[in-house]
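S.K.: Please read through the structure below; I'll follow up with questions.
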Amino acid sequence: MPQNPAGALNPILKNGLQIEEVFEERGVDKKQGMKKSLGLMKKLLLRDPKKLCDLYPHQLSGGMRQRLIACMSLSFEPKLLIADEPTKGLDPEAKTGAVELFTKIKKDYGKTMLLITHDLDLALEVCDRIAVMYAGEIVELDEASKVLSTPMHPYTKGLIRAQPRNGLVPLIGQSPSRIRLPDGCLFHQRCRYSGIECSRKHPEMKNHKGGWIRCHFQSLQ
């Protein structure tokens, strides 16, 4: 599921034609494919699916376009569903609908999902585990509730403090360039707990209290 559902849909083609194109590309019978899609649209709380198929993408709300893309993605019963920033650009009401959508997909379809997101509320509601990434590598991995309630890595702590409800405290400095990565820990230049070892040795992922963390543990002592 792409980050921008509106950009993933052709603005000059009706929604139904775009669904049919997906099945045509995959060599699936369009009639059977549409029947399956209409059923999925009902299950994902889209009212009057046949009418929606006669409309154009711009005639749908952001949340409805997202659900349409979800239906198209689920029609082929994928083993893994990847959603890239699914709540980006959505208003609060649509964000609530997105949480409902992904919770329903998880509960009703039992699909393995990979959500790429900065929306911590969405991650807490939907995800079983959270992997926090910095400069292209995972720095902390654990159960979603543990990561967000008792973060261990300094970057995760900073990420949570930067949330509006937590005071909007920004992290100092800038993320490093992927072309010129620093020696040692990639986060050490912005870390309040950084020591000599952090600037010299790149930390490996280590098991810590049931989760995984990439840190020399100065922050945990």
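The values are calculated or read from the model by the stated rules, or taken from the named source; none is laboratory data. Predicted model, so just to flag it, every value in this text is computed and none were measured. We place every Cβ from the backbone using ideal geometry, glycine too, and count neighbours over all the protein chains shown.
S.K.: I'd like to know if region 160-183 contains one or more residues that are of a type in the set (Gly, Ala, Ser), surrounded by 16 or more Cβ atoms within 10 Å (Cβ to Cβ) and modelled with pLDDT under 95.
M.R.: Checking region 160-183: not a single residue is of a type in the set (Gly, Ala, Ser), surrounded by 16 or more Cβ atoms within 10 Å (Cβ to Cβ) and modelled with pLDDT under 95.
S.K.: Picking from Glu93, Glu77, which residue would you name as being over 17 Å from the mean Cα position of the chain (by Cα) and more than 22 Å from Gly39 (Cβ to Cβ)?
M.R.: Sole residue among the options that is over 17 Å from the mean Cα position of the chain (by Cα) and more than 22 Å from Gly39 (Cβ to Cβ): Glu93.
S.K.: Restricting to region 15-64, name every residue that is hydroxyl-bearing (Ser, Thr, Tyr) and not in a loop (DSSP other than H, G, I, E, B).
M.R.: Within region 15-64, just Ser37 meets the criteria.
S.K.: If you don't mind, another one. List, please: which pairs have Cβ atoms under 8 Å, are six or more places apart or on different chains, and start with a residue in region 7-34 that is loosely packed, with under 10 Cβ neighbours inside 10 Å and end with one that is in a helix (DSSP H, G or I) and of a type outside the set (Gly, Ala, Ser)?
M.R.: Every condition considered, the pairs that remain are Pro11/Pro57; Pro11/His58.
S.K.: Yes or no: region 194-208 includes at least one residue that is of a type in the set (Ser, Thr, Tyr), part of a loop (DSSP other than H, G, I, E, B), in contact with a Ser or Thr (Cβ under 7 Å, 6 or more places away or on another chain) and touching a residue at least 24 places away in the same chain (Cβ under 8 Å).
M.R.: no
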